[in-house]
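Participant: Handing you a structure now.
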Amino acid sequence: FKFANNLRWFQDPELSLFGIKTKTGELFIEPLFHQIESFVDNISIVTFEGYQGAINDKGEIVIPYIYEELQTSSEERIAYYEGGLWGFFSNTGDKVIPASYEFVGNFSEGLALASKDNLFCYINNQGKVMIPFQYEYASNFENGQAQVEVKFRAFTINKKGMKISD
């Protein structure tokens with residue numbers, strides 16, 4: 001399987017673990033993982049014995065594989081699941097947003113969905129709530145707009161949280 005950066009994963013037949021080789025067949029990362037995902041924002045999510053971590057495109061571990069779940073990077077933020085809650089790492093492996101949300105979406109146009117107590121809000125990439133917890137349903141932003149719902153009424157908001165159409 002070929003990655004965009006001319007690296008390829010391979011499976012060691014004896015270990016049944018995956019590693020990465022260069023396009024010329026040179027060993028790039030030892031076969032250490034049960035699963036290796038494609039690189040996004042120069043980060044690949046890897047799995048070992050049921051736990052996930054992340055490596056960069058240099059083969060360095062940036063997030064140790066001790067997490068229940070990691071999501072593919074979006075806008076250089078990697079969602080992680082810890083202790084029943086979600087937070088975000090930076091692509092360099094720093095925890096920038098503590099695990100404090102019941103749900104998080106991918107970052108889109110600088111904002112991500114987050115929920116607590118069954119209400120959604122939008123946070124920025126540092127974890128600051130930019131549009132308050134008030135929606136029973138919400139979608140990611142696309143072209144500066146998102147679909148939301150309050151009391152079974154659906155409408156469209158802009159990135160300032162203002163209603164722009166029904």
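Participant: Amide H to amide H under 5 Å from Ala146: which residues, 5+ apart in sequence or cross-chain, H placed 1.01 Å off N in plane?
Facilitator: The answer is Ile157.
Participant: Taking loop as defined by DSSP and a crowding limit of 15 other beta carbons within 10 Å, which trypsin sites (Lys or Arg not before Pro) in segment 19-124 fit? Could the numbers behind the result be given before it?
Facilitator: Details: sites: Lys21, Lys23, Lys58, Arg77, Lys95, Lys116; in loops: Lys23, Lys58.
Sites meeting the loop and neighbour criteria: Lys23, Lys58.
Participant: Of the GluC sites (Glu not before Pro) in segment 17-86, which ones lie in a loop per DSSP and count no more than 13 other C-beta atoms within 10 Å? List each step's numbers first, then the result.
Facilitator: Values: sites: Glu26, Glu37, Glu49, Glu60, Glu68, Glu69, Glu75, Glu76, Glu82; in loops: Glu26, Glu37, Glu49, Glu60, Glu68, Glu75, Glu76.
Within segment 17-86, the qualifying GluC sites (Glu not before Pro) (loop, at most 13 other Cβ atoms within 10 Å) are Glu26, Glu49, Glu60, Glu68.
Participant: Determine the relative contact order of the chain: mean sequence separation of Cα pairs under 8 Å and six or more apart, normalised by residue count, in whole percent. Write out the running numbers ahead of the final one.
Facilitator: On the way: 395 pairs, mean separation 14.5, N = 166.
Relative contact order for the chain comes out at 9 percent.
Participant: Excluding residues fewer than 8 places away in the same chain, name every one of the lysines whose C-alpha is closer than 28 Å to that of Lys128.
Facilitator: Those lysines meeting the cut-off are Lys95, Lys116, Lys151, Lys159, Lys160, Lys163.
Participant: Another question, if that's okay. Expressed in nm², what is the orientationally averaged projection area of the convex hull enclosing the Cα positions of the chain? Please report the intermediate quantities before stating the final value.
Facilitator: On the way: hull surface 42.8 nm².
Here the figure is 10.7 nm², rounded to one decimal.
Participant: With Cβ to Cβ distances under 15 Å as the rule, what net charge do the other residues near Leu15 carry (K, R +1; D, E -1)?
Facilitator: Around Leu15, the charge tally is -3.
Participant: Roughly how many debye, to the nearest 20, is the charge dipole of segment 17-131 about its Cα centre, given +1 on each Lys and Arg Cβ, -1 on each Asp and Glu Cβ, and no other charges?
Facilitator: Values: 7 positive and 16 negative charges, 28 e Å.
Result for segment 17-131 is approximately 140 debye, rounded to the nearest 20.
Participant: Moving on. Rounded to the nearest whole Å², what accessible area per residue is found for segment 1-141 with the 1.4 Å probe?
Facilitator: On the way: 7230 Å² over 141 residues.
Accessible area per residue, segment 1-141: 51 Å².
Participant: Straight-line reach only, C-alpha to C-alpha below 27 angstrom: list the lysines that Lys23 could link to, leaving out same-chain residues fewer than 8 apart.
Facilitator: Partners within reach: Lys2, Lys58.
Participant: Expressed as a whole percentage, what fraction of the accessible surface of segment 16-166 belongs to carbon and sulfur atoms when a 1.4 Å probe is rolled over the protein heavy atoms?
Facilitator: Values: 3830 of 7980 Å².
Here it works out to 48 percent.
The values are calculated or read from the model by the stated rules, or taken from the named source; none is laboratory data. In this text the structure is predicted, and so the values were computed from the model without any measurement. In this analysis, Cβ positions are derived from the backbone assuming ideal geometry, glycine residues included, and neighbour counts consider all displayed protein chains. Side chains included, ligands, DNA and RNA excluded: accessible areas come from the protein's heavy atoms. Shrake-Rupley method; radii C 1.70, N 1.55, O 1.52, S 1.80 Å.
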